[in-house]
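Comments concern the structure below.
The values are calculated or read from the model by the stated rules, or taken from the named source; none is laboratory data. Because the structure is predicted, anything quoted here is derived from the model rather than measured. Note: ideal-geometry Cβ built from the backbone for every residue, glycine included; neighbour counts use all protein chains shown.
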Amino acid sequence: MPNLKDLKNRISSVQSTRKITSAMKMVAASKLRRAQEQAQASGPYAERMGRMLASLAANVQGSGNGPKLMTGTGSDSVHLLVIVSSDRGLCGAFNGSIVREAKRQITRLQGEGKTVKLLTVGRKARDQLRREFGALMVHGYEDVGRRRLSFADADMVSQKVLSMFDAGEFDVCTIIFNKFKSAISQIVTVQQLIPFAVPETDAAPTDEVKAVYEFEPDEEQILAELLPRNLSIQVYRALLESAASEQGARMTAMDNATRNAGDMINKLTITYNRTRQAYITKELIEIISGAEAL
Amino acid sequence: MADKVEFELVSPEKLLKSLPVDMVVVPGTEGDFGVLAGHAPMIATVRPGVIEVYEGDRVVDRVFVAGGFAEVTETRCTVLAEEAQALSAIDRAAVEKAIKDLSEDLSDAASDADKAAVEAKLAVAQAKLDALATPGAAH
């Protein structure tokens, strides 16, 4: 027969777990809201930059000697993967799915005979990939935007990528991150950063896109400044999406955990009560049979 | 001046300003330029400096930007700024301190890349100080 005291201890331990998970759920919910707001706020800049890039690219493409960031280095033998994960766990399949996709990409690229280099953002991806692919890692960032993700954080990452690119350390750069769809669903997204693919503008270009711009200084010089900036923006967007996804995933995971703890408490309480009654019955039988023996 | 220009100031983190104005003066890399309604479409780079917003003949707003890009169409003027701050919100003492710190960093900087990064920051801080020094800044 199970010990009553042990059962009581287990119940109280599950109860405190439930308290923790439900608190974490609420924290994640409020952080999620903030992250979403931030992601939304960065929309206008990215959208306008995309518009400017599209019109610039249209002007430069004809000349055929755009900057390297757009046209590439001419080969694609060395790939840099930027993998965006979180610093903390307890967020369901969030990091697992990123790492799985990263591994899939790495094996695919290596299968094609390419060299792969890794740049990780967030502790989890680094820890999970280190055993298998530790030799490929160039650098790992931790605690990126721990309090509040700022553009400077993204800039730091993209500056590193740029300096590597300028030094000719890789040809193609791809970022892997979780795109926020809803609190319960995140989509692992693989996006190529370098060479930069000019976003396809809507089928029918509006008059604004077609407008002939004057450039000051000339378009190539502007493009040379705009592209690195655009890289930072893309990284920033990816980090924001990832941050929102992380909180969404954590919220869902913690919600499930809270519910499971509740179920467990119910089951344990029933066992506890049954056991208690069994003990009482047993003691009564002992007393009665003792009295009868007299 | 019946026609107005839709002026937008955007930083990576948010849309800072979006309002119709009579004229904006943007500090372009190759010289300041004023934008009125009906300006020819143009894309320009912006150097660290002050954007002046005109309502009639009066300057109603001055915003410091740390470089970026400007896109001008006939009806719109969009400035993508890396960093923007209302001129009245800049603390002179803080900027002076930043310049001092950065100058020290500059002499400590080991690699050329570090040096360039610090120099860029220094230029921004210096531009901030210059902006504060211009007459009419303390409106």
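Among the residues here, B:Glu52 qualifies as surrounded by 15 or more Cβ atoms within 10 Å (Cβ to Cβ), more than 14 Å from chain A (Cβ to nearest Cβ) and either within 10 Å of the chain's Cα centre (by Cα) or without any contact (Cβ under 8 Å) to a residue 12 or more places away in the chain (or both).
Is it fair to say A:Ala278 is outside the structural domain of A:Val84 (by TED's automatic domain parsing) and surrounded by 12 or more Cβ atoms within 10 Å (Cβ to Cβ)?
yes
If you check A:Val172, A:Val161 for being more than 20 Å from the chain's Cα centre (by Cα) and among the hydrophobic types (A, V, I, L, M, F, W, C), only one passes: A:Val172.
This table checks each residue for (1) within 14 Å of chain B (Cβ to nearest Cβ); (2) closer than 30 Å to A:Ala224 by Cα; (3) within 20 Å of the chain's Cα centre (by Cα).
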{"site": "A:Ser22", "(1), (2), (3)": "no, no, no"}
{"site": "A:Gln36", "(1), (2), (3)": "yes, no, yes"}
{"site": "A:Pro44", "(1), (2), (3)": "yes, yes, no"}
{"site": "A:Ala54", "(1), (2), (3)": "yes, yes, no"}
{"site": "A:Asp87", "(1), (2), (3)": "no, no, yes"}
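Filter region A:258-268 down to residues that are touching a residue at least 24 places away in the same chain (Cβ under 8 Å) and under 10 Å from A:Val14 (Cβ atoms) and give me whichever is nearest to the chain's Cα centre (by Cα). That would be A:Ala261. Within region A:71-85, one or more residues are part of a helix (DSSP H, G or I), more than 14 Å from every other protein chain (Cβ to nearest Cβ) and not acidic (Asp, Glu).
The residues on offer are A:Phe133, A:Phe196, A:Phe170, and the sole one that is more than 14 Å from chain B (Cβ to nearest Cβ) and either exposed (fewer than 15 other Cβ atoms within 10 Å of the Cβ) or at pLDDT below 80 (or both) is A:Phe196.
Among the residues of region A:183-192, not a single one is within 14 Å of chain B (Cβ to nearest Cβ) and among the hydrophobic types (A, V, I, L, M, F, W, C).
Somewhere in region A:25-32, is a residue surrounded by fewer than 21 Cβ atoms within 10 Å (Cβ to Cβ) and not in a helix (DSSP H, G or I)?
no
Taking region B:64-87, which residues are in contact (Cβ under 8 Å) with a residue 60 or more places away in the chain and more than 17 Å from B:Val50 (Cβ to Cβ)? Residues satisfying the conditions are B:Thr75, B:Arg76, B:Thr78. When A:Arg108 is tested against (1) within 20 Å of the chain's Cα centre (by Cα); (2) modelled with pLDDT of 90 or more, exactly one condition is not met: (1). Using the structure shown, decide if B:Val60 is without any contact (Cβ under 8 Å) to a residue 40 or more places away in the chain, in contact with a strand residue (DSSP E or B) (Cβ under 8 Å, 6 or more places away or on another chain) and surrounded by 15 or more Cβ atoms within 10 Å (Cβ to Cβ). Judged against the criteria, B:Val60 is not a match.
Within region B:1-49, the set of residues being without any contact (Cβ under 8 Å) to a residue 24 or more places away in the chain, in a strand (DSSP E or B) and within 10 Å of another protein chain (Cβ to nearest Cβ) comprises B:Leu15, B:Ser18, B:Gly31, B:Phe33.
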